[in-house]
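To keep things clear, I will list the structure first and then write my remarks on it.
The values are calculated or read from the model by the stated rules, or taken from the named source; none is laboratory data. These numbers were taken from a predicted model, which means no experiment stands behind them. Cβ placement follows ideal geometry from the backbone for every residue including glycine, while neighbour counts extend to all protein chains displayed.
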Amino acid sequence: MPQESLPLLELCGISKSFGGVAALTDVDFTLQRGEVHGLVGENGAGKSTLMKIIAGVHAHYDGTMRLAGDPVRFRSARDARDAGIGMVHQELSIVPNLSVAENVLLGVQPTNWMGLVDWRAMMRIAAEQLHELGIDIDPRTRVGSLPLGLQQMVELARVLFSGARIIILDEPTSALSPPEVERLFALLRRVRDSGRSIVFISHFLDDVLRVSDTITIFRNGRRIETAANSGIDKGWIIERMIGSGHEELQESYTGEIALGSPAEAKVVMRTQSISSPGAFQDVSLEICAGEVLGIYGFMGSGQLELARALFGKISLSAGQLFIDGVATVLHSTAQARRNGLAFVPESRRSMLFAQEPVYRNVSISILDRISWFWVKPTRERAIAELQINRLQIRPPLPDRKLATLSGGNQQKVALAKWLTHLPKVLLLSEPTRGMDVGAKDDVLQIVKSLRSQGIGVVVVSTEPETVLALADRILVMKRGRISQEFRNETVSKDRLLAAA
């Protein structure tokens, strides 16, 4: 059979376990030439594990893999890259202290006749490649100083221009604004039309349906169904991903949500015309006990910086902050914690320790409460086990390294860290970023339980589905200001997008 008529990539009977727990069971997967193949499923369903096998991250597994008809078994990520396979992981692997150009051309820097890096050529090539993506960034800029969405585009540029014939994108749109998503989709179509193939993993079902030629659904480590993207919709996908029992979350994907705040609730935090230069201006809001306040906006609208300011991570240049009616100036996050505030940032890496066990990640915020002179691991484990059971963290193993958990379960650990001692106000920045429908539903139930305990919860997100599924009241931010408030009314995703 001519090689051109064979699938570009074919996996048969792939199985993979971690510590006796099956992550994949007898999975078949085929990627055609010049195809965008969408991959969906709950956290822990096996999507990322299968892609890491393809990308050489996991070298030990059962089953066979063929690349353009030839049997292959990659022993490392370098083997996969050498074979023309590139992957952009959900947790970015950019080097924050290097420049944009150094990240885009990492490992393939141009050199001069002396074998030294040709910095002028590097800047020029990186600028040209970024221009093709429609990104206007000075290639000399330090990547760590960029917003998360632009950091993601820099990593995409590195893989897309590496010459890879198979490109695996794990949650590529999770930190992008709608214009950035459109730019990315246009680029992916050009890449596909050039004959290269793309695996597109995402929990944004609209994005999967818009960009994919074929869609595969995973559940519990198995491939449930593969279908051409013709005549199928979100309802069809959700039904196969999670089945029944998630009607409320499904409404946030497909319909309208009725908002309703608790009557006569106590105001636990209030701001009056607060500002922070270059981030947000003249923001006044109230957070009530037993209420979930959603703050929505596109990337760069200021809502993420607002959440940091409310926790004392960013200084205010104007305005006042009141906690339980008392004017308060937060000089540090430690002071914010003492005032009953808790904060889960959008980046799990910044608050968790990937190589430490789950129980240590859970107990780290209350060590001063559970020990005077030395830490007792038995006490730490007992506290962690309580939260593991409460939040349904999977697998339920307190000694398991955090890095081996799925993204959704790592996010639950991030929540558990603060729920060992309940705060007055819990600030959640992008709490479901990169999470699947089922994991988002788990977060929904967790937040509801906190609301019923009288905690004021602030959900800050660029995902309209998340805000709609969780919030009792919604503020929309645009260019650093509150553009609209929704309360005691019916609101849809379209209305949020229009207000932003």
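So, in the range 327-379, of the ones that are β-branched (Val, Ile, Thr) and at pLDDT below 85, which residue ends up farthest from LYS424 (Cα to Cα)?
Step one: list which residues in the range 327-379 are β-branched (Val, Ile, Thr), which gives 328-329, 333, 344, 358, 362, 364, 366, 370, 375, 378.
Retained after the next criterion (residues that are at pLDDT below 85): 362, 364, 366, 370, 375, 378.
Values: VAL362: 19, ILE364: 19, ILE366: 16, ILE370: 20, VAL375: 26, THR378: 28 Å.
Of everything passing the filter in the range 327-379, THR378 is farthest from LYS424 (Cα to Cα).
Out of all the residues in the range 303-352, which are surrounded by 14 or more Cβ atoms within 10 Å (Cβ to Cβ), in a helix (DSSP H, G or I) and not charged (D, E, K, R)? Give the steps one after another, and end with the answer.
Taking the range 303-352 first, the residues surrounded by 14 or more Cβ atoms within 10 Å (Cβ to Cβ) are 303-314, 316, 319-324, 328, 330, 333, 335-337, 339-348, 351-352.
Now narrow it down to the ones that are in a helix (DSSP H, G or I): 303-310, 333, 335-337, 348.
Result: GLN303, LEU304, LEU306, ALA307, ALA309, LEU310, THR333, GLN335, ALA336.
When we screen ARG240, ARG223 for residues that are among the charged types (D, E, K, R), more than 22 Å from GLU430 (Cβ to Cβ), more than 19 Å from the chain's Cα centre (by Cα) and modelled with pLDDT of 85 or more, the only hit is ARG223.
For beta carbons closer than 8 Å, sequence separation of 6+ or different chains, a first residue in the range 159-177 that is at positive phi and a second that is at pLDDT below 80 and part of a loop (DSSP other than H, G, I, E, B), the qualifying pairs are GLU171/GLN90; GLU171/HIS203; GLU171/ARG433; GLU171/GLY434. All conditions in (1) free of Cβ contacts under 8 Å to residues at least 60 places away in the same chain; (2) surrounded by fewer than 16 Cβ atoms within 10 Å (Cβ to Cβ); (3) in a loop (DSSP other than H, G, I, E, B) hold for ALA227, with the sole exception of (3).
Looking at ARG451, ARG394, ARG390, ARG433, which is the one that is within 25 Å of LEU306 (Cα to Cα) and either in the same structural domain as HIS89 (by TED's automatic domain parsing) or at pLDDT below 85 (or both)? Walk me through how you get there before you give the answer.
Working: ARG451 fails: either in the same structural domain as HIS89 (by TED's automatic domain parsing) or at pLDDT below 85 (or both); ARG394 fails: within 25 Å of LEU306 (Cα to Cα); ARG390 fails: within 25 Å of LEU306 (Cα to Cα).
The unique qualifying residue is ARG433.
Total residues in the range 399-427 satisfying the condition of being under 24 Å from HIS58 (Cβ atoms) and not in a strand (DSSP E or B): the figure is 14.
Quick check on my filter: what residues within the range 470-496 are hydrophobic (A, V, I, L, M, F, W, C), assigned to a helix (DSSP H, G or I) and more than 22 Å from SER452 (Cβ to Cβ)? Give the derivation first.
Keep residues of the range 470-496 that are hydrophobic (A, V, I, L, M, F, W, C), which gives 470-471, 474-477, 482, 486, 491, 496.
From what is left, the residues that are assigned to a helix (DSSP H, G or I) are 470, 496.
If the condition is that a residue be hydrophobic (A, V, I, L, M, F, W, C), assigned to a helix (DSSP H, G or I) and more than 22 Å from SER452 (Cβ to Cβ), then LEU496 is the only one that fits.
For the range 394-416, a residue qualifies if it is β-branched (Val, Ile, Thr) and farther than 22 Å from LYS52 by Cα, and exactly one does: VAL413.
This table checks each residue for (1) among the hydroxyl-bearing types (Ser, Thr, Tyr); (2) at positive phi; (3) exposed (fewer than 13 other Cβ atoms within 10 Å of the Cβ).
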{"site": "TRP113", "(1), (2), (3)": "no, no, yes"}
{"site": "LEU116", "(1), (2), (3)": "no, no, yes"}
{"site": "TRP119", "(1), (2), (3)": "no, no, no"}
{"site": "ARG124", "(1), (2), (3)": "no, no, no"}
{"site": "THR141", "(1), (2), (3)": "yes, no, no"}
{"site": "SER145", "(1), (2), (3)": "yes, no, yes"}
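Residue selection: GLY300 fails the criterion of being modelled with pLDDT of 85 or more, touching a helix residue (DSSP H, G or I) at 6+ places or on another chain (Cβ under 8 Å), in the same structural domain as SER452 (by TED's automatic domain parsing) and outside any strand (DSSP E or B). Evaluation of ASN488 against the conditions (1) under 16 Å from GLY260 (Cα atoms); (2) surrounded by 24 or more Cβ atoms within 10 Å (Cβ to Cβ) shows that the sole unmet condition is (2). Scanning the range 434-461 for residues being under 24 Å from GLY312 (Cα atoms), touching a helix residue (DSSP H, G or I) at 6+ places or on another chain (Cβ under 8 Å) and either among the charged types (D, E, K, R) or not in a strand (DSSP E or B) (or both) gives a total of 2.
Out of all the residues in the range 173-212, which are in a loop (DSSP other than H, G, I, E, B) and touching a His at 6+ places or on another chain (Cβ under 7 Å)?
Pass one, the range 173-212, residues in a loop (DSSP other than H, G, I, E, B): 173-177, 194-196, 202-204, 212.
Listed by number, the list holds a single entry, SER212.
As a summary of the residue check, THR49 satisfies the conditions (1) among the hydroxyl-bearing types (Ser, Thr, Tyr); (2) over 26 Å from ILE393 (Cβ atoms); (3) touching a strand residue (DSSP E or B) at 6+ places or on another chain (Cβ under 8 Å) except for the one numbered (2). Residues that are at pLDDT 90 or above and either within 23 Å of SER347 (Cβ to Cβ) or of a type outside the set (D, E, K, R) (or both) within the range 469-487 comprise ALA471, ILE474, LEU475, VAL476, MET477, ILE482, SER483, GLN484, PHE486, listed in sequence order. Scanning the range 99-111 for residues that are loosely packed, with under 14 Cβ neighbours inside 10 Å and touching a residue at least 24 places away in the same chain (Cβ under 8 Å) yields one hit, VAL108. Say we look at the range 189-223 and pick out the residues that are surrounded by fewer than 20 Cβ atoms within 10 Å (Cβ to Cβ) and among the acidic types (Asp, Glu); which of these is nearest to ILE237 (Cα to Cα)? If we take residues in the range 189-223 being surrounded by fewer than 20 Cβ atoms within 10 Å (Cβ to Cβ) and among the acidic types (Asp, Glu), then ASP206 is nearest to ILE237 (Cα to Cα).
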